[in-house]
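Let me begin by presenting the structure, written as structure tokens, before commenting on it.
The values are calculated or read from the model by the stated rules, or taken from the named source; none is laboratory data. Nothing here was measured: the structure is a model prediction, and the numbers come from that model. Methodologically, a virtual Cβ is constructed for each residue, glycine included, from the backbone with ideal geometry; neighbour enumeration extends over all protein chains shown. Ligands, DNA and RNA are stripped out before the accessible areas are found, and what is left, the full protein with its side chains, is counted by its heavy atoms. Shrake-Rupley method; radii C 1.70, N 1.55, O 1.52, S 1.80 Å.
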Amino acid sequence: MISMDTGLVKVLGPKTAKAMADQLALHTVRDLLRHYPRRYARRGEMTRLDDLEVGDRVTVLAKVRTVHTRPMRQRRGSLTEVTVGDGAGSMRLVFFNNKHPHLRTGEWGLFAGTVSRWQGDLQFSHPDCHVITGDDDDWARALVPIYPASKDVSSWVLQRSVKMLLTDGRALADALDDPIPEPVRRRHGLVTLAQALHDKHRPESMAEVERADERLKWDEALVLQVTLAARRRAAALEPGVARPRRSGGLLDAVDARLPFSLTDGQREVGEELAAELARAQPMNRLLQGEVGSGKTVVALRAMAQVVDAGGQAALLAPTEVLAAQHARSLAAILGPLGRAGELDGDPAGTRVTLLTGSQKAAARRAARAAVADGSAGIVVGTHALLQEGVEFADLGLVVVDEQHRFGVEQRDALRAKGSRPPHVLVMTATPIPRTVAMTVYGDLETSTLRQLPAGRGGVSSSVVPAGEKPAWLDRAWARVREEVAAGRQAYVVCPRIGDEEGAGGGKDDDGPDDADGAPPEEEKGGDRRPPLAVLDIAEALRAGPLTALRVEVLHGRLPAEEKEARMRAFAAGDVDVLVATTVVEVGVDVPNATVMVVMDADRFGVSQLHQLRGRVARGAHPGLCLLVTEARSSSTTGQRLAAVASTTDGFELARVDLETRREGDVLGAAQSGRRSGVRLLSLLDDEQLISEARAEATALVESDRGLADHPELAAAVAALAMDERADWLQKA
Ligand code: ADP
Ligand code: MG
């Protein structure tokens with residue numbers, strides 16, 4: 001009895017099974033049936049020999065034109081030259097010593113090998129051959145599936161093996177349990193799994209292939225969404241601690257002290273959070289909001305509610321610079337309320353405590369003590385805070401700021417802290433396309449702040465094509481001088497720090513982040529000059545166009561105290577121009593800064609550029625962002641930059657970003673999509689399908705009997721969970 005989990009060794013010859021396992025990572029019947037054809041060749045137009053390039057490993061369908069066998073000149077033995085053609089082109093096949101099947105003029109065959117060139121002609125030497133005979137029903141098919149093949153497993157070996165399983169292997173067809181429940185199939189007009197696999201591997205028409213694709217994508221989407229829905233449900237069932245709102249406490253005092261009134265969006269999201277914190281199930285929420293939309297205040301108000309209810313709140317920032325800035329601005333907003341226990345503190349308040357790895361031992365010890373005894377109600381630090389085993393008296397809320405790659409795994413680790421998991425709020429300014437929110441963040445509820453506080457100057461952006469129009473770069477520096485003359489400040493951002501030990505060596509830790517929206521690898525090219533560096537550019541600016549200004553540098557290699565001091569000096573207006581790496585990318589808040597010049601802008605990803613320019617849209621003065629690049633304006637890169645310059649709608653940009661990146665990058669899977677369980681589903685194109693699958697998954701998981709009536713689906717979900725290869729789910 002064959003099932004999906006049967007090893008291929010049991011159903012195929014041992015040699016074939018071993019080759020499939022070693023070269024294509026196909027181990028079970030399921031693996032093989034999910035190894036889908038890459039495309040389908042129509043009889044007659046199957047291969048275009050004129051499309052071949054040297055080095056291609058391909059299977060071609062062609063007709064034998066001539067066969068010549070002759071003795072070799074230099075050596076003993078014979079050489080057979082066969083010319084084959086397909087109407088579009090021709091190629092030569094060579095075989096030594098008659099080691100070839102008996103090929104006759106006029107016969108059609110499938111030939112697989114690596115294309116080489118010899119005396120100007122394309123050739124295969126010793127290709128695998130499959131002569132098509134008149135009674136071969138595979139050949140009679142209108143559409144011949146072409147599979148991703150390997151050295152010893154050709155496309156037709158795969159085709160034959162699949163055929164054997166699907167048509168000859170009656171036992172399997174009957175055993176093909178369908179993970180998608182019948183009512184779900186009916187509602188969405190989906191064919192059965194057996195039908196879909198048949199249609200995908202042995203279609204009569206492309207319409208059948210499309211029908212199969214739709215169904216097989218549903219498999220992927222549903223299993224994924226059930227997994228996520230189950231996580232949401234499990235999290236919701238965990239016993240947390242209710243932190244209901246209390247009037248007359250810190251929250252009211254904060255509201256009374258705010259120098260502005262909340263936007264409608266802030267108010268709405270605030271209500272949502274307040275209600276969720278008041279429940280005993282831990283909140284798990286993602287707050288996305290444009291850069292400058294005022295997420296910090298929303299977070300502070302949630303933290304104040306938790307403090308009022310007797311708990312502690314932790315605010316985690318991605319960098320120490322940001323953590324320090326957060327601690328400073330929270331302290332400023334709270335005033336005496338943030339200094340309870342100190343001489344001038346308000347006893348009704350709490351203490352804001354900064355806790356980072358670079359603090360001096362004594363300060364650190366004191367901070368840890370305040371966190372442990374509960375006198376620090378609000379603790380600010382970096383993500384390391386959670387890993388270092390810092391003890392909290394009663395951690396009630398964790399706010400994770402500006403971290404769109406805070407994956408499931410980290411969130412799980414967090415929930416595992418203490419006996420009762422805290423509420424969690426993840427905040428990001430990088431707009432997340434809906435499909436990504438539904439998958440990578442599928443276990444979180446989301447809120448969105450779309451509105452910016454009134455009275456913002458906004459930011460306009462331009463591309464400065466330094467290669468095509470060098471004079472424009474001079475103009476850019478002139479603009480910087482003008483802004484500084486008007487009392488404003490500027491950032492100049494470079495992709496690299498410079499002055500690396502062992503020049504040309506390792507990557508800077510705060511350069512553009514490849515995994516996160518940097519341009520696709522193929523655009524980077526291997527032989528480009530190294531990216532512009534902070535240290536070099538700062539020197540050139542000091543010596544040249546900005547010589548009269550106060551120029552300072554900021555990057556990740558500086559000691560934390562030095563970074564902090566320079567950031568402070570910039571915030572205080574004692575520095576005119578800050579030349580920096582992407583350490584200024586997130587959250588840095590200096591409203592008086594109005595210009596940003598991004599050098600080598602093409603080296604940054606779309607969402608990164610959007611984040612960066614958010615730094616100059618924070619005050620009442622209009623901001624300006626200049627994207628300097630040597631990329632040609634007509635190139636893909638040039639167009640991507642133009643797209644960034646033309647809109648400030650983060651959601652539109654998220655889409656541009658998704659379009660210019662490979663799917664695997666978005667899923668965070670360095671490993672190929674084939675291994676992640678997602679083969680056919682596209683985050684870009686299948687939004688509708690994913691959202692329908694999400695609704696079905698939620699309904700299934702939350703039904704009385706859960707998956708109890710759907711053992712096949714439960715098994716598929718379990719298989720995904722077991723599959724360590726599905727770790728892209730963790731590492732978003
Ligand atoms: P982000 O969402 O990018 O983290 P911040 O929370 O840093 O944005 O807020 C940006 C700036 O806007 C801060 O200086 C903050 O004090 C200010 N701000 C926040 N909410 C309002 C509001 N409702 N009205 C006016 N200014 C606000
Ligand atoms: Mg922020």
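Residues of segment 588-610 that are within 16 Å of ligand 1 (Cβ to nearest atom) and open to solvent by less than 10 Å² (accessible area, probe 1.4 Å): Val588, Val590, Ala593, Thr594, Met596, Gln608, Leu609. Taken across segment 561-576, residues that are open to solvent by less than 20 Å² (accessible area, probe 1.4 Å), of a type in the set (A, V, I, L, M) and over 21 Å from Ser329 (Cβ atoms) do not occur at all. Leu277 falls short on exactly one of the conditions (1) farther than 30 Å from Ala716 by Cα; (2) touching an Asp or Glu at 6+ places or on another chain (Cβ under 7 Å), and that condition is (2). The combined condition, being among the acidic types (Asp, Glu) and outside the structural domain of Val606 (by TED's automatic domain parsing), is fulfilled by Asp443. Tell me, please, whether a residue that is under 42 Å from the mean Cα position of the chain (by Cα), assigned to a loop (DSSP other than H, G, I, E, B) and not charged (D, E, K, R) can be found in segment 113-127. Yes, the conditions are met somewhere in segment 113-127.
Condition check: under 17 Å from Leu300 (Cα atoms) and at pLDDT 90 or above. Does Ala376 satisfy that?
Numbers: under 17 Å from Leu300 (Cα atoms): yes; at pLDDT 90 or above: yes.
The answer is yes for Ala376.
With a requirement of 1 or more residues that are in contact with an Asp or Glu (Cβ under 8 Å, 6 or more places away or on another chain) and open to solvent by less than 50 Å² (accessible area, probe 1.4 Å), the strands (runs of 3 or more DSSP E) lying completely within segment 298-395 that satisfy it span 312-317, 376-382.
Scan Gly457, Gly442, Gly418 and give me the residue that is away from ligand 1 (no atom under 16 Å from the Cβ), open to solvent by 10 Å² or more (accessible area, probe 1.4 Å) and either assigned to a loop (DSSP other than H, G, I, E, B) or modelled with pLDDT of 70 or more (or both). Working first, answer last.
On the way: Gly457 fails: away from ligand 1 (no atom under 16 Å from the Cβ); Gly442 fails: open to solvent by 10 Å² or more (accessible area, probe 1.4 Å).
Result: Gly418 is the single residue among Gly457, Gly442, Gly418 that is away from ligand 1 (no atom under 16 Å from the Cβ), open to solvent by 10 Å² or more (accessible area, probe 1.4 Å) and either assigned to a loop (DSSP other than H, G, I, E, B) or modelled with pLDDT of 70 or more (or both).
Scanning segment 90-122 for residues that are open to solvent by 20 Å² or more (accessible area, probe 1.4 Å) and within 15 Å of Val54 (Cβ to Cβ) yields a total of 9.
Criterion first (more than 25 Å from Thr356 (Cα to Cα), open to solvent by 30 Å² or more (accessible area, probe 1.4 Å), outside any helix (DSSP H, G or I) and within 16 Å of ligand 1 (Cβ to nearest atom)) does Ser293 satisfy it? Full working, then the answer.
Numbers: more than 25 Å from Thr356 (Cα to Cα): yes; open to solvent by 30 Å² or more (accessible area, probe 1.4 Å): no; outside any helix (DSSP H, G or I): yes; within 16 Å of ligand 1 (Cβ to nearest atom): yes.
So Ser293 does not fit the description; no.
Please find, among Gly289, Gly338, Gly345, Gly349, the residue that is within 16 Å of ligand 2 (Cβ to nearest atom), touching a strand residue (DSSP E or B) at 6+ places or on another chain (Cβ under 9 Å), more than 19 Å from Pro422 (Cβ to Cβ) and at pLDDT below 90. Answer to the check: Gly289.
Comparison of Val64, Val29 shows that the only residue that is of a type in the set (Val, Ile, Thr) and over 21 Å from Val115 (Cβ atoms) is Val29. Looking across segment 612-630, the residues that are surrounded by 24 or more Cβ atoms within 10 Å (Cβ to Cβ) and outside any strand (DSSP E or B) come down to Leu612, Arg613, Gly614, Arg615, Val616, Ala617.
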